[in-house]
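Here is the structure we will look at.
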Amino acid sequence: MDNKGKLVVISGFSGAGKGTLMKALMEQHGQDYALSVSATTRDPRPGEQNGVSYFFVTKEKFEEMIAADEFVEYARYVNNYYGTPKAYVEDQMNLGKNVILEIEMQGALKIKEKFPDAILLFVTAPDANTLHMRLAGRGTEAPDVIAARLSRAYEESEGIENYDYLVVNDTVDKAVTLLDELIRDERSGNTEHNRSHRVSANIEFINKMREELKSFSKGE
Ligand code: 5GP
């Protein structure tokens with residue numbers, strides 16, 4: 001097995017539970033993974049610590065970091081900047097860790113261009129209604145931000161075909177086990193039995209989700 005770790009991109013609709021999954025993945029399999037901490041210009045949510053959830057920076061600082069070429073990729077998402085600092089990613093892969101980038105779709109596509117061997121995973125809730133309930137239930141975003149995030153989810157649903165695998169987050173335990181298996185198997189080249197999880201095998205599910213999100217983003 002190649003000693004260098006895999007670069008793994010995890011994207012998913014806002015409210016799909018990526019944060020919870022990443023926490024569980026690190027708790028259960030932390031020895032194999034390094035979770036990249038992004039920089040962002042958005043405000044911290046209650047409980048989010050600087051340097052743990054994100055590096056919270058001003059717009060000016062973020063723009064300085066762009067100018068100094070400190071990001072592997074960065075993107076704008078619902079009025080804020082988000083970016084992946086370069087140094088950590090390279091270092092951790094060289095140490096043999098699979099490096100996880102929990103990033104949105106524009107960033108994911110930039111990573112795929114720069115690192116064709118990266119694995120792209122897309123996490124979704126089982127249906128759009130669940131997504132809406134999780135977003136609203138979190139109680140951390142104002143209604144207009146929730147609406148903007150659902151509308152962005154509809155836009156992002158158009159790009160899922162660029163990802164390798166779809167992970168439906170029904171229960172956290174099952175989804176974490178699947179994530180870990182998919183990444184391990186990609187690293188060892190033993191991917192045949194994971195075909196049913198490939199995005200290309202789940203087009204019907206994705207189309208249904210897209211239709212549901214479309215009605216949500218129209219406020220229906
Ligand atoms: P949130 O505000 O909910 O923490 O994140 C909003 C979106 O930004 C999520 O889809 C998250 O995956 C994405 N994101 C977080 N960090 C980065 C990053 O470094 N680069 C990019 N492109 N997206 C990011």
**Prompt:** For region 119-175, what does the alpha-carbon gyration tensor say about shape, rounded, prolate or oblate, given a ≥ b ≥ c as the root eigenvalues, a/c under 1.5 as rounded, and a/b over b/c as prolate?
**Reply:** oblate
**Asked** When you count, for each residue, the other Cβ atoms within 10 Å and take the mean per peptide, how do 146-159, 106-119 rank with the highest first?
**Response** 146-159, 106-119
**Prompt:** What would the Debye formula give as log10 I(q)/I(0) at q = 0.12 Å⁻¹ for the alpha-carbon point model of the chain, no solvent?
**Reply:** -0.63
**Prompt:** Between their Cα atoms, which of Lys4/Lys174; Lys97/Lys214; Lys59/Lys208; Lys59/Lys174; Lys110/Lys208; Lys4/Lys214 are more than 31 Å away from each other?
**Reply:** Lys97/Lys214; Lys59/Lys208; Lys59/Lys174; Lys4/Lys214
**Prompt:** Stretch Asn94-Arg210 to full length: gain in nm at 0.36 nm per residue minus the Cα-Cα span?
**Reply:** 37.9 nm
**Message:** I need the calculated FRET efficiency for the pair Glu192 and Met133, taking r as the beta carbon distance and R₀ as 35 Å, to the nearest 0.05.
**Reply:** 0.45
**Message:** Over region 43-82, what portion of Cα pair distances is larger than 14 Å, expressed as a whole percent?
**Reply:** 53 percent
**Item:** Inter-part distance where region 93-167 and region 1-46 are each reduced to a Cα centre, Å
**Value:** 11 Å
**Request:** Rank Pro85, Pro46, Pro126 by mean-square fluctuation in a GNM of the chain with C-alpha springs under 10 angstrom and give only the top-ranked residue.
**Result:** Pro46
**Relative packing of peptides 58-68, 23-33 - highest average C-beta neighbours within 10 Å first** = 23-33, 58-68
**Request:** Could you tell me what percent of the DSSP beta bridges with both partners in the chain are antiparallel, to the nearest 5?
**Result:** 30 percent
**Complete:** Residue-normalised 222 nm signal for the chain, counting each DSSP H run of n ≥ 4 as -39,500 (n - 2.57), nearest 500 deg cm²/dmol, is -14000 deg cm²/dmol
**Request:** Please work out whether region 112-220 counts as rounded, prolate or oblate from its C-alpha gyration tensor, where a ≥ b ≥ c are the square roots of the eigenvalues and a/c under 1.5 means rounded, while otherwise a/b larger than b/c means prolate and anything else oblate?
**Result:** prolate
**Asked** Going by the alpha-carbon gyration tensor, a ≥ b ≥ c the square roots of its eigenvalues, is region 158-220 rounded (a/c under 1.5) or, if a/c is not under 1.5, prolate (a/b greater than b/c) versus oblate?
**Response** prolate
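Bear in mind these aren't lab numbers, they're just calculated from the coordinates by the rules spelled out. Computed from a prediction, not measured in an experiment: that's the story for all the values here. We place every Cβ from the backbone using ideal geometry, glycine too, and count neighbours over all the protein chains shown.
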